[in-house]
Amino acid sequence: MSEYFGGVGVDATVGTDGGRSSGAHDLVSLVVPFYNEADGIETFFREVTPVLERIPGIDYEIVCVNDGSADSTLERLLAVCADNPRVRVVDLSRNFGKEAALTAGIDEAQGAAVIPFDADLQDPPEAIARLVQRWREGFDVVLAKRAERNTDTYMKRGTAALFYRVHNAISETTIPENAGDFRLMSRQVVDALKQLPENRRFMKGLFSWVGFRTAQIEYERLPRTAGETKFSAWKLWNFALEGLTSFGTWPLRVWTYIGGGTALFAIAYAIYLALRTMIRGVDVPGYASIITAVLFLGGTQLIGIGVIGEYIGRIYMESKRRPVYIVRRVYRQGAS
Ligand code: UDP
Ligand code: MG
């Protein structure tokens, strides 16, 4: 990984304006995770390469990460790589998930700017030129926000909106609404990102956590060119939990308050019952209120334990210090 490609990336970051002097050709890295995307690969390169060629004053590389695809994704990527010296392929040893695949690609990228990009062309390649332009204006991060989410289902839009709202209300790091992983990051931001040691990586959160001067552009999210989404509702739910637990401990701490509130209520109710018994005597029936209280409290306690479990599970996984991904092999033209 220390050897770099083209020799442009590192030198290009030294300059009076942070490396964006228009004379030099900055290397821009597109990092693309591929998981069972064989059908879309031809279209992908046909659409993306000309766009990158047309951006003035940059050199580019495309770092493709094959995230353990079970179809012919790897073969097709290698065919492109054999033709185009700007394309590199990082082949992971199995499917590690998009976050890990992105991490692998970002680690491999040499560019003065790095852009995570989806293989299904849901993010329009034309927007890349606009990202580069804002970066040249001096921003370290250029966020691409989805102006509309028309291509998402009603359900996905609703749950996504709810997720952002809850996440930003309870987390120490807020993440911009409707911004995916598609964005440009300068070398400095990428280096900062690489210092974050966690191996359960909620990339959107990590991207935000590192900060830096940020600009935004808006774009229209398109339908997939081929194949179908790799994220089921269940996967998205777990992804949301990952995000919520990665950036704050509010879900853990809230139980102190719920418990405190319940205890106060119980004391007040006990006093009320005692007084009522003194004034009105004992009345035996009470089955309904007892069972309601027992069930409610039992349920609340189990939720609390479940939340603690979520965190302990994450501490456990994190404490193993396993690498985020395993590379089977990196393919570059010339090196085999
Ligand atoms: N992806 C991946 N590993 C996975 C799942 C997805 O590398 O385990 C890649 C996928 O190939 C695509 C990107 O992540 O390039 C986004 O996936 P997808 O389009 O399925 O997500 P959606 O756009 O539906 O949120
Ligand atoms: Mg997609």
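Read-outs: derived from the displayed coordinates by stated rules, not from any lab. These figures come from a predicted structure and were not determined experimentally. Don't worry about glycine lacking a Cβ; one is built from the backbone with ideal geometry, like all the others, and counts go over all protein chains shown.
May I ask you to list the residues in the stretch 204-238 that are within 11 Å of ligand 1 (Cβ to nearest atom) and assigned to a helix (DSSP H, G or I)?
Lys235, Leu236
Can you tell me which residues in the stretch 31-56 are within 20 Å of Ala101 (Cβ to Cβ), touching a Pro at 6+ places or on another chain (Cβ under 7 Å) and surrounded by fewer than 23 Cβ atoms within 10 Å (Cβ to Cβ)?
Val48, the sole residue that qualifies.
Scan the stretch 231-254 and tell me whether some residue there is among the β-branched types (Val, Ile, Thr), surrounded by 17 or more Cβ atoms within 10 Å (Cβ to Cβ), touching a residue at least 40 places away in the same chain (Cβ under 8 Å) and farther than 30 Å from Gly306 by Cβ.
Keep residues of the stretch 231-254 that are among the β-branched types (Val, Ile, Thr), which gives 245, 249, 254.
If we keep only those that are surrounded by 17 or more Cβ atoms within 10 Å (Cβ to Cβ) too, we end up with 245.
Now restrict to residues that are touching a residue at least 40 places away in the same chain (Cβ under 8 Å): 245.
Subset that is farther than 30 Å from Gly306 by Cβ: none.
No, every residue in the stretch 231-254 fails to be among the β-branched types (Val, Ile, Thr), surrounded by 17 or more Cβ atoms within 10 Å (Cβ to Cβ), touching a residue at least 40 places away in the same chain (Cβ under 8 Å) and farther than 30 Å from Gly306 by Cβ.
For the stretch 57-77, which positions are surrounded by fewer than 24 Cβ atoms within 10 Å (Cβ to Cβ) and under 28 Å from Asn199 (Cβ atoms)? It would help to see each step written out before you state the result.
Our first condition is that a residue be surrounded by fewer than 24 Cβ atoms within 10 Å (Cβ to Cβ); within the stretch 57-77, this holds for 57-59, 68-72, 74-76.
Those that are surrounded by fewer than 24 Cβ atoms within 10 Å (Cβ to Cβ) and under 28 Å from Asn199 (Cβ atoms): Gly68, Ser69, Ala70, Asp71, Leu74.
Return the only residue of Val51, Val63, Val28, Val89 being more than 16 Å from ligand 2 (Cβ to nearest atom), of a type in the set (Val, Ile, Thr) and part of a helix (DSSP H, G or I). Before the answer, list the steps.
Working: Val63 fails: part of a helix (DSSP H, G or I); Val28 fails: part of a helix (DSSP H, G or I); Val89 fails: part of a helix (DSSP H, G or I).
Of Val51, Val63, Val28, Val89, the one residue that is more than 16 Å from ligand 2 (Cβ to nearest atom), of a type in the set (Val, Ile, Thr) and part of a helix (DSSP H, G or I) is Val51.
Mind checking which residues of the stretch 121-141 are within 16 Å of ligand 2 (Cβ to nearest atom) and surrounded by fewer than 22 Cβ atoms within 10 Å (Cβ to Cβ)? Full working, then the answer.
Initial filter on the stretch 121-141 (within 16 Å of ligand 2 (Cβ to nearest atom)): 121-125, 127.
The answer is Leu121, Gln122, Pro124, Pro125, Ala127.
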